[in-house]
1. Do you know which residues across segment 315-342 are at pLDDT below 85, in a helix (DSSP H, G or I), touching a helix residue (DSSP H, G or I) at 6+ places or on another chain (Cβ under 9 Å) and surrounded by fewer than 18 Cβ atoms within 10 Å (Cβ to Cβ)?
2. Quick one: would you say residue 58 is surrounded by 15 or more Cβ atoms within 10 Å (Cβ to Cβ), out of contact with any helix residue (DSSP H, G or I) (no Cβ under 7 Å at 6 or more places or on another chain) and in contact (Cβ under 8 Å) with a residue 24 or more places away in the chain?
3. Being more than 23 Å from residue 335 (Cβ to Cβ), buried (at least 21 other Cβ atoms within 10 Å of the Cβ) and touching a helix residue (DSSP H, G or I) at 6+ places or on another chain (Cβ under 9 Å) is true for just one of 134, 165. Which residue is that?
4. When segment 350-371 is examined, which residues are found to be part of a loop (DSSP other than H, G, I, E, B) and out of contact with any strand residue (DSSP E or B) (no Cβ under 7 Å at 6 or more places or on another chain)?
5. Please give the number of the condition residue 374 fails out of (1) surrounded by 18 or more Cβ atoms within 10 Å (Cβ to Cβ); (2) touching a residue at least 40 places away in the same chain (Cβ under 8 Å); (3) outside any helix (DSSP H, G or I).
6. Only one of these conditions is not met by residue 109: (1) surrounded by fewer than 19 Cβ atoms within 10 Å (Cβ to Cβ); (2) within 20 Å of residue 274 (Cα to Cα); (3) touching a strand residue (DSSP E or B) at 6+ places or on another chain (Cβ under 8 Å). Which number is it?
7. Could you give me the residue pairs with C-beta distances under 7 Å whose first residue belongs to segment 145-156 and is over 18 Å from residue 102 (Cα atoms), whose second residue is at pLDDT 90 or above and surrounded by fewer than 20 Cβ atoms within 10 Å (Cβ to Cβ) wherever it lies, and which are 6+ apart or on separate chains?
8. Looking only at segment 37-52, decide whether some residue is within 30 Å of residue 269 (Cα to Cα), surrounded by fewer than 16 Cβ atoms within 10 Å (Cβ to Cβ) and either modelled with pLDDT under 90 or touching a strand residue (DSSP E or B) at 6+ places or on another chain (Cβ under 9 Å) (or both).
């Protein structure tokens, strides 16, 4: 009897070591695959029409059903000097294109392995870019958006990894960039609880290529309920105002920062990953936004920071020795997400409306510039 018990214990131990080995091999293979694909990827999502009252839809098609990587648009009518009316055709190709019928689940299925990379010790950044009303906040922060789906997936994965001797701690913070000021979305006044605390400061750890925001509130996220409560609090504190483009338009950039620390009791391995999920403010021209007074100042600030983002992408694409990260709070905060030590994904969000066609083309051209930019190879933060 004792011999059989020893055999069973030995077999169980061998099986556990096999699981640990398979998990290690999975991590290595996936992250090598991501490096071959490039550490910055671009995906396009076209939101559906929201009703008959929205107006006429733009002529948008998806030429390649097999790869789901192309989007084609017919431009606005143009009249030549001879009086002939014509329309230009525009084609764009990205890593993935989601048609209006796509659900948040379909989108998350495509990015879930990037979330896994954060558990593997990598810096990961996923951000949404596009004009107001194109579906950015729905994609990122709705009840079934990328943020709640990512955290639920992480909880499920952490539970399974316990069988392979991994334990994790997870903590989150939520930062807003509004008029070139950093606000803490987890406190009522944007700073410390009394509203008189120290200003939030961006600090970079050059050795580990990681960013922290000093003086912001950090919440230990040991249950899904805590995540949901944190998201609700952040949403209620975010700077929101009405514009012509959207009755409830986000007038700020928001950055959800999730820090993950894992430890394997069997191998002694330790990894530290960060997942940044970014909802950028709407990108539109002053004339189109109908901004006046304070709204005009906000729109100018938004456009300046998005322009700085474009400057950073352009400098990276040229291989410039100087990249102007510090020209805006947004690019300074996302320095390591943009500068090579991160697996980075950009969603370009597209409105289906004919009236938004100019803004749509501007967004798609910027996304193409990002898609053509090589930012380097991310490295995991691991210790043994």
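1. The one that is at pLDDT below 85, in a helix (DSSP H, G or I), touching a helix residue (DSSP H, G or I) at 6+ places or on another chain (Cβ under 9 Å) and surrounded by fewer than 18 Cβ atoms within 10 Å (Cβ to Cβ): 317.
2. Working: surrounded by 15 or more Cβ atoms within 10 Å (Cβ to Cβ): yes; out of contact with any helix residue (DSSP H, G or I) (no Cβ under 7 Å at 6 or more places or on another chain): no; in contact (Cβ under 8 Å) with a residue 24 or more places away in the chain: yes.
The answer is no for residue 58.
3. Values: 165 fails: buried (at least 21 other Cβ atoms within 10 Å of the Cβ).
Among 134, 165, only 134 is more than 23 Å from residue 335 (Cβ to Cβ), buried (at least 21 other Cβ atoms within 10 Å of the Cβ) and touching a helix residue (DSSP H, G or I) at 6+ places or on another chain (Cβ under 9 Å).
4. Here is the first cut: in segment 350-371, the ones part of a loop (DSSP other than H, G, I, E, B) are 351-352.
Selection gives 351 alone.
5. (1)
6. All conditions are met except number (3).
7. Cβ pairs passing all conditions: 153/112.
8. Filtering segment 37-52 for residues within 30 Å of residue 269 (Cα to Cα) gives 37-41.
Then drop every residue that is not surrounded by fewer than 16 Cβ atoms within 10 Å (Cβ to Cβ), which leaves 37.
Now restrict to residues that are either modelled with pLDDT under 90 or touching a strand residue (DSSP E or B) at 6+ places or on another chain (Cβ under 9 Å) (or both): 37.
There is at least one residue in segment 37-52 that is within 30 Å of residue 269 (Cα to Cα), surrounded by fewer than 16 Cβ atoms within 10 Å (Cβ to Cβ) and either modelled with pLDDT under 90 or touching a strand residue (DSSP E or B) at 6+ places or on another chain (Cβ under 9 Å) (or both).
The values are calculated or read from the model by the stated rules, or taken from the named source; none is laboratory data. A quick note: this is a predicted structure, and the numbers were derived from the prediction, not measured. For neighbour counting, all protein chains shown are included, and Cβ atoms are generated from backbone atoms with ideal geometry for every residue, glycine included.
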